1. Any residue at all in region B:15-31 that is crowded, with 23+ Cβ neighbours inside 10 Å, in contact (Cβ under 8 Å) with a residue 60 or more places away in the chain and at the interface with chain A (Cβ under 10 Å from one of its Cβ atoms)?
2. Report yes if residue B:120 is buried (at least 18 other Cβ atoms within 10 Å of the Cβ) and under 30 Å from residue B:143 (Cβ atoms), otherwise no.
3. Within region B:48-90, restricting attention to residues that are part of a loop (DSSP other than H, G, I, E, B) and under 22 Å from the mean Cα position of the chain (by Cα), which residue is farthest from the other protein chains (Cβ to nearest Cβ)?
4. Let me confirm something: among B:307, B:323, B:287, which residue is surrounded by fewer than 17 Cβ atoms within 10 Å (Cβ to Cβ) and either within 14 Å of residue B:197 (Cβ to Cβ) or modelled with pLDDT under 90 (or both)?
5. If residue A:41 passes every condition in (1) free of Cβ contacts under 8 Å to residues at least 24 places away in the same chain; (2) in contact with a strand residue (DSSP E or B) (Cβ under 7 Å, 6 or more places away or on another chain); (3) crowded, with 16+ Cβ neighbours inside 10 Å but one, which one does it miss?
6. When you look at residue A:137, is it part of a strand (DSSP E or B), out of contact with any helix residue (DSSP H, G or I) (no Cβ under 8 Å at 6 or more places or on another chain) and surrounded by fewer than 21 Cβ atoms within 10 Å (Cβ to Cβ), yes or no?
7. For region B:91-104, check the following and say yes or no: at least one residue is under 27 Å from the mean Cα position of the chain (by Cα), surrounded by fewer than 21 Cβ atoms within 10 Å (Cβ to Cβ), more than 9 Å from chain A (Cβ to nearest Cβ) and assigned to a helix (DSSP H, G or I).
């Protein structure tokens with residue numbers, strides 16, 4: 001098992017500013033959770049990493065220095081607080097935004113030197129490394145607030161009522177390379193799985 | 001295929017979407033409206049990206065799904081519906097499995113938005129038919145205003161409802177409120193020539209003289225014969241400013257006359273041509289220091305405006321009121337949106 005230590009402020013160096021800046025407040029608001037014991041750094045995510053047929057389990061230890069984050073985005077604390085208190089009409093976007101931020105972290109840790117160049121919303125994958133038509137390459141992200149591994153398995157494999165993300169991605173003939181990045185806040189769990197090729 | 005340009009257009013759209021999501025998560029009405037504006041822009045960037053390359057069918061389809069999703073998230077059921085309809089045309093020949101995968105995220109969100117919108121529209125009384133075609137009693141107009149506010153709060157991405165809010169405020173002579181509503185419509189649809197044209201006249205009512213002058217000055221350089229309505233409204237705006245500060249009025253009249261002639265050299269429809277012609281005759285009489293009379297309205301074919309007007313009426317006011325009432329009579333949601 002490898003322990004990956006990552007300081008969130010490093011994300012500004014590893015990925016483009018525009019992709020990072022709007023996800024950081026969500027990560028800061030979402031990751032610590034509600035209970036006091038979970039709110040101290042480093043925040044540890046068990047990470048199941050699958051490449052081809054090989055699956056290994058690691059740990060991601062996430063930290064941040066709010067002062068350094070504020071140097072990049074002076075509004076980060078204020079925005080995180082608003083998101084944490086949930087007094088917004090669109091709070092369901094919190095998990096999604098945080099999952100985007102954590103996926104950028106996972107890309108930076110597990111796929112060194114790969115940088116996101118574009119982003120999808122309505123169709124998978126969310127983050128793109130290559131936008132060549134019919135040879136798309138990227139990472140699909142999803143976040144769940146609770147449910148742990150069970151919730152993440154349901155996202156990947158699907159349920160009797162809903163097709164899983166893995167099957168959806170495999171059905172797409174326009175995607176050449178794609179991974180699945182799933183995150184759960186309580187209990188903490190994460191998956192990074194190469195679905196194609 | 002120019003992939004660099006394509007990639008750049010897609011990256012622009014992606015960044016806009018991410019910014020929009022952060023604003024949606026913030027939740028305050030102003031932030032949500034900003035998010036709607038960003039998502040509309042992202043949808044346009046998505047459609048632009050696909051026009052830049054000779055893309056395969058799957059890519060075109062995926063870009064349309066993205067654009068539709070942006071409009072759904074941007075709370076605009078009208079624009080989303082238009083793109084959704086194109087998706088039906090584009091999917092012909094595609095495998096069902098691939099189309100289902102591409103649509104899996106969009107369809108539930110799209111249907112939920114349309115359902116909410118249908119409920120909201122079903123609850124309208126004063127605006128049930130779309131727009132208040134003829135404003136009658138004050139309570140009716142007030143009710144229409146309340147309903148327009150409800151629609152712009154629930155669906156801030158629909159430019160058409162901001163246009164409705166503008167028309168109502170304008171009919172009540174609430175210049176500032178009208179300007180704010182029109183500005184929202186314009187931010188959502190910056191390429192809408194009618195919004196831009198009307199905004200010229202609205203600026204002269206709502207803004208201070210200097211600000212209005214600066215606003216119409218910024219538009220002047222872009223005026224050409226392909227937008228006769230813009231030419232007409234520009235000329236009317238210059239007329240209003242000339243009356244507000246008579247010192248440079250001859251310069252303003254001459255500039256306005258040039259623009260009116262530009263508008264007439266295009267291909268305006270008959271109503272617009274009559275309005276432009278009347279404005280031209282009015283400006284020529286001002287420049288020649290002749291007192292304008294009702295005769296110019298008859299000569300321009302604006303008989304309905306001239307009939308019933310007292311002989312000593314102010315022709316400029318009469319013409320402006322006549323043009324405004326025609327804009328009102330031609331209003332509908334589809335025109336606006």
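The values are calculated or read from the model by the stated rules, or taken from the named source; none is laboratory data. Not measured: the values here are computed from a predicted model. A quick note on method: Cβ atoms are made from the backbone with ideal geometry, for glycine too, and the neighbour counts reach across all protein chains shown.
1. No, region B:15-31 contains no residue that is crowded, with 23+ Cβ neighbours inside 10 Å, in contact (Cβ under 8 Å) with a residue 60 or more places away in the chain and at the interface with chain A (Cβ under 10 Å from one of its Cβ atoms).
2. Against the criterion (buried (at least 18 other Cβ atoms within 10 Å of the Cβ) and under 30 Å from residue B:143 (Cβ atoms)), residue B:120 does not qualify.
3. Filtering region B:48-90 for residues that are part of a loop (DSSP other than H, G, I, E, B) and under 22 Å from the mean Cα position of the chain (by Cα), the one farthest from the other protein chains (Cβ to nearest Cβ) comes out as B:76.
4. Details: B:323 fails: surrounded by fewer than 17 Cβ atoms within 10 Å (Cβ to Cβ); B:287 fails: either within 14 Å of residue B:197 (Cβ to Cβ) or modelled with pLDDT under 90 (or both).
Among B:307, B:323, B:287, only B:307 is surrounded by fewer than 17 Cβ atoms within 10 Å (Cβ to Cβ) and either within 14 Å of residue B:197 (Cβ to Cβ) or modelled with pLDDT under 90 (or both).
5. Exception for residue A:41: condition (3).
6. Working: part of a strand (DSSP E or B): yes; out of contact with any helix residue (DSSP H, G or I) (no Cβ under 8 Å at 6 or more places or on another chain): yes; surrounded by fewer than 21 Cβ atoms within 10 Å (Cβ to Cβ): yes.
Against the criterion (part of a strand (DSSP E or B), out of contact with any helix residue (DSSP H, G or I) (no Cβ under 8 Å at 6 or more places or on another chain) and surrounded by fewer than 21 Cβ atoms within 10 Å (Cβ to Cβ)), residue A:137 qualifies.
7. Step one: filter region B:91-104 for residues under 27 Å from the mean Cα position of the chain (by Cα), giving none.
No, region B:91-104 contains no residue that is under 27 Å from the mean Cα position of the chain (by Cα), surrounded by fewer than 21 Cβ atoms within 10 Å (Cβ to Cβ), more than 9 Å from chain A (Cβ to nearest Cβ) and assigned to a helix (DSSP H, G or I).
Here is a yes/no grid of residues against (1) more than 25 Å from residue B:41 (Cβ to Cβ); (2) crowded, with 23+ Cβ neighbours inside 10 Å; (3) outside the structural domain of residue B:241 (by TED's automatic domain parsing):
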site	(1), (2), (3)
B:166	no, yes, no
B:170	yes, yes, no
B:196	no, no, no
B:205	yes, no, no
